[in-house]
Amino acid sequence: MRHVLTSLLALHWTIVFALLALICIDGNRGVAAALGVLGASLEGSRFVDLDNAIVVAPLATALLVVAVLFFWAFVETLINDATSEGVDSVARIAFISASGVLSLIVIGGAAQGINGLLMAVAVQLAALLASYVAMLAERRSTVAAVVPAEGEIRAAAHGMAKAAAHNSLLSLISGRTGSTPGGGR
């Protein structure tokens with residue numbers, strides 16, 4: 001079974017972060033326009049040179065790296081099946097990176113004195129968290145729906161039998177009473 005919701009969410013976040021990176025590179029109002037797309041209103045001209053290459057290049061690169069990570073998660077959902085761990089690990093890295101970039105945007109915006117940026121980024125972080133929880137829920141539901149093979153059931157039963165024998169042996173060695181009601185052996 002394919003991850004339909006996971007692939008759509010990964011594609012969505014790929015497009016969002018790629019567009020933010022593309023808007024950020026724009027020469028006229030790059031970073032200001034990208035922050036406007038996030039939801040922060042930039043009023044006034046008291047901001048310190050947001051179109052400087054020192055600000056634009058790292059921000060655009062970070063946004064592009066996050067977009068590539070989400071695209072990688074999207075490709076993993078198309079290639080791998082429901083029981084693969086690759087999708088989960090790549091998606092986790094993408095969400096952590098996206099949260100980190102958005103947190104750095106808040107820190108940089110606070111240093112510049114941009115009003116309303118915290119709430120705009122908080123909404124984006126909440127959307128990222130909801131997307132991650134939805135991906136986890138879909139993964140768990142597909143893994144739970146997969147019926148284990150007969151060999152896996154035998155291996156699990158064998159492991160449980162070994163654990164029971166080990167616990168019984170430890171009980172005998174330590175001199176603790178067994179499970180008999182009288183306390184005897």
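Just so it is clear, none of the values below were taken in a lab; they were calculated from the coordinates. Note that the structure is predicted; figures quoted are calculated from it, not measured. Cβ atoms come from the backbone with ideal geometry, glycine included; neighbour counts cover every protein chain shown.
Remarks
- FRET efficiency, 1/(1 + (r/R0)^6) with R0 35 Å, evaluated for Ala57 and Leu136 via beta carbons: 0.55
- Sorting the segments 112-124, 60-72 by their residues' average number of neighbouring beta-carbon atoms within 10 angstrom, most packed first, yields 60-72, 112-124.
- Ala110 versus Ala165: modelled label distance in nm, points set 7 Å from Cα along the beta carbon direction: 5.9
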